[in-house]
1. Given the conditions (1) within 17 Å of the chain's Cα centre (by Cα); (2) over 30 Å from residue B:8 (Cβ atoms); (3) more than 9 Å from chain A (Cβ to nearest Cβ), which single one is not true for residue B:117?
2. Spot the failing condition for residue A:129; the list is (1) within 7 Å of chain B (Cβ to nearest Cβ); (2) farther than 23 Å from residue B:88 by Cβ, and only one is missed.
3. Inspect all residues belonging to the stretch B:58-80 and state whether any of them is under 24 Å from residue A:162 (Cβ atoms), within 11 Å of chain A (Cβ to nearest Cβ), in a helix (DSSP H, G or I) and out of contact with any strand residue (DSSP E or B) (no Cβ under 7 Å at 6 or more places or on another chain).
4. Going by the structure shown, is residue B:54 part of a helix (DSSP H, G or I) and within 13 Å of chain A (Cβ to nearest Cβ)?
């Protein structure tokens, strides 16, 4: 199992396994580090830990070691297996260089999350609503649903997915406008044709 | 001139032109104004059907007539305005943005829109 160091509720602990971490009752305000990472990251940025937070330990404990799947750690193994072992058993270097961002306890959690994460990708919500009401209903409603998904994933700390949904929402709105622009003249033409 | 400025100006110009067109032309009697493609294809009204007539009525100050053509859109206009103000003007507030784009808010909007879509076809609203 991979070993993690964790900074949670102002305390730094480690090394520990994912199971131990789950027993601590960590939540998304925690910061973690494991060998291969250049610096401390939010716990939600580590895929397997993010999964653990949302689905519990049962869903992830069966997963194979992911070290080989990540480029950063691949480099590690290429360099020297012994160096890696050394790294695994000593306290993380980044901790000495730079203390992980402290999480002031009186601050509401939601606000703390907003400050640490990048801005939410645009939801394009208002354009999806306008597209629905004036251009083309089906594509516009798809745009609103993507706006919903953007926010939902962002609030769960999954920035990458939120960005993807934001982009798809933008395309749905563009599709809606294009369908509107194509069908409007067709509609005019057919009405004119009926007159003659 | 920055790109943002150009886009803003273009939007304003298009809005003014559209406003003039929709003030002069009455979509309910015009023979060349586009019709809703969804209505033409299926025979069912879409949630936005009547939007051109609503704009024409509003530009002439007739709110009751606008409500008759599409009451949902009439109610949606202030909401859309609120979103636009909070997204694109200096009046934006982070707290309001949090509420306006809360997943529950968006889900409610979709539910209202779908309900209106069904009801207007059932009760000929």
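Throughout, read-outs are computed from the coordinates displayed, never taken from laboratory work. Every value quoted in this text rests on a predicted model; they were computed, and no experiment measured them. Cβ atoms come from the backbone with ideal geometry, glycine included; neighbour counts cover every protein chain shown.
1. Going through (1) within 17 Å of the chain's Cα centre (by Cα); (2) over 30 Å from residue B:8 (Cβ atoms); (3) more than 9 Å from chain A (Cβ to nearest Cβ) one by one, residue B:117 breaks only (3).
2. Going through the list (1) within 7 Å of chain B (Cβ to nearest Cβ); (2) farther than 23 Å from residue B:88 by Cβ, residue A:129 breaks only (2).
3. Scanning the stretch B:58-80 turns up at least one residue that is under 24 Å from residue A:162 (Cβ atoms), within 11 Å of chain A (Cβ to nearest Cβ), in a helix (DSSP H, G or I) and out of contact with any strand residue (DSSP E or B) (no Cβ under 7 Å at 6 or more places or on another chain).
4. Answer is yes for this residue.
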